[in-house]
Amino acid sequence: MRRTIIFGIAFAFTFNQAFAETTFSEAFSQYNQAIENQDHTAAVEHALVALSLGQQKFGQNSENAINLQYNLGLAYLQNRQLDEGFDTLADVANQYSETKGEVSIERFNALLDQLSSAKYLMHKGYQKAPKQYTLLVETLEETLDKTQVLSDVQQGQRLYLFSKILYERPLSSWFFDVALEMSEKAENLLVQTLGNEDAKTVEVQFRIARFKQAQRKRTEAAEYYEKIVNTFGHEMETSHPLELASRAALVDLYERLGESDRATEHCVAIGHLTPWQSDIEPTPLYRLEPMYPMEEARKNKQGNVVLSFDIDTFGFVKNIKVISKEGSYGFAKQARRALQKWRYAPKIVDGKPEVAKNMRVQLNFKLNDA
């Protein structure tokens, strides 16, 4: 969730332009320019100057000063100054609590931006993050519990934003159950207030489907993906990324559930929705990894197999041939056996399915400790 200057501008400065001091105006303009240029280091420098001058001009605890501090916190995050950004936004949230109220949208958004800083922690081994974010997630949950007096539209919007940030890694792995619960609550209110066809409703349903799929609740996941597909309808002229992603997921799910006929429906639909590219090897919608031959594993042997095949008009793999192999026949046998189960979107030309001939794929057999 990147607000930076866009969010900062949303808070209208209340000072009269006629009394604006040039030094503050220059500092704030330089901050804006740094944000536009994505010069994050400069943005922090200018945000610090703008905050100092703004506090002198508007007052230490004025709304304008808080808004400037908000911009500084966001600039810190963009510049990967995580501790500074987290602490600055925490201070902003506390100030909004005092000036706007504990359940105000201003405080809620500051807490959300504080929470969104988790996405910068990936692959950084940030040890204290889980504890920090646990407290923050609990605070946001408590805030939502206190906002039941809000309209369903307002509450649905807050749940949507909260669940959206929780869906991002690493938060989705740290707070899986909370993320799913908030997504389900958001869907309930969004369906009531905005309807099934609203983009936010569909987005939340897609998140829930992903969570269900991760839990291996395949039937429940399929039901959510089907909701999304049905929302977009069956028109073949246009496609939406979430429809394509949902159909691709359904191919995989139905194959794992032993319902190939239902998977075929979505294979064919994807074929109609996406142009065939002869210069690019097609990507399987469902892929079964080959078993490692036990004899070769015992001998610590590795290998690879190149196979040719056709994709029929329903997306099934046909006419598999071994073009070359490195290693024993056991590798080729397992490679063929796995490839037979793969599913693709069929080749569609002028609205009609055709057999895609002479496709190729290489399957590699490697031991983890080799």
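Regarding region 226-243, can at least one residue be identified that is touching a residue at least 40 places away in the same chain (Cβ under 8 Å), buried (at least 17 other Cβ atoms within 10 Å of the Cβ), polar (S, T, N, Q) and out of contact with any Lys or Arg (no Cβ under 8 Å at 6 or more places or on another chain)? Looking for residues that are touching a residue at least 40 places away in the same chain (Cβ under 8 Å), buried (at least 17 other Cβ atoms within 10 Å of the Cβ), polar (S, T, N, Q) and out of contact with any Lys or Arg (no Cβ under 8 Å at 6 or more places or on another chain), one finds none in region 226-243, hence no. May I ask you to verify whether Y286 is of a type in the set (F, W, Y) and closer than 13 Å to L339 by Cβ? Judged against the criteria, Y286 is a match. Just wondering, is there one or more residues in region 142-160 that are farther than 27 Å from F86 by Cβ and buried (at least 17 other Cβ atoms within 10 Å of the Cβ)? Among the residues of region 142-160, at least one is farther than 27 Å from F86 by Cβ and buried (at least 17 other Cβ atoms within 10 Å of the Cβ), which makes the answer yes.
Taking helices (runs of 4 or more DSSP H) as the structural unit, those lying wholly within region 174-276 and holding at least 2 residues that are under 22 Å from the mean Cα position of the chain (by Cα) and farther than 30 Å from D350 by Cα correspond to 176-193, 199-214, 218-232. For region 164-183, the condition holds for no residue, the condition being that it is small (G, A, S), modelled with pLDDT of 95 or more, within 23 Å of K341 (Cα to Cα) and touching a helix residue (DSSP H, G or I) at 6+ places or on another chain (Cβ under 7 Å). Looking at the structure I just gave you, is L115 surrounded by 24 or more Cβ atoms within 10 Å (Cβ to Cβ), touching a Gly at 6+ places or on another chain (Cβ under 9 Å) and aliphatic (A, V, I, L, M)? Spelling it out, it is not the case that L115 is surrounded by 24 or more Cβ atoms within 10 Å (Cβ to Cβ), touching a Gly at 6+ places or on another chain (Cβ under 9 Å) and aliphatic (A, V, I, L, M).
Limited to region 335-356, what total is found for residues that are charged (D, E, K, R) and touching a Ser or Thr at 6+ places or on another chain (Cβ under 9 Å)? The total comes to 4. Scanning region 119-163 for residues that are assigned to a loop (DSSP other than H, G, I, E, B), at pLDDT 85 or above and closer than 23 Å to A199 by Cβ yields one hit, S151. Of the strands (runs of 3 or more DSSP E) lying entirely inside region 328-370, those carrying at least 2 residues that are within 31 Å of the chain's Cα centre (by Cα) are 347-349, 356-365. Checked against the criterion of being aromatic (F, W, Y), within 21 Å of E184 (Cα to Cα) and either touching a strand residue (DSSP E or B) at 6+ places or on another chain (Cβ under 7 Å) or at pLDDT 95 or above (or both), the candidates Y225, Y254 yield just one match: Y225. Restricting attention to region 85-107, the residues being in a helix (DSSP H, G or I) and either small (G, A, S) or touching a helix residue (DSSP H, G or I) at 6+ places or on another chain (Cβ under 6 Å) (or both) number 12. Against the test of being in the same structural domain as F108 (by TED's automatic domain parsing) and either within 16 Å of Y120 (Cα to Cα) or surrounded by fewer than 15 Cβ atoms within 10 Å (Cβ to Cβ) (or both), the options Q55, Q60, Q69 yield a single qualifying residue, Q60. Among the residues of region 278-295, those identified as more than 22 Å from the chain's Cα centre (by Cα), in contact (Cβ under 8 Å) with a residue 12 or more places away in the chain and part of a loop (DSSP other than H, G, I, E, B) are E281, P282, R287, L288, E289, P290, M291, Y292, P293.
The values are calculated or read from the model by the stated rules, or taken from the named source; none is laboratory data. Please read all numbers here as calculations on a predicted model, not as lab measurements. Every residue, glycine among them, receives a Cβ derived from its backbone with ideal geometry; neighbour counts consider all protein chains shown.
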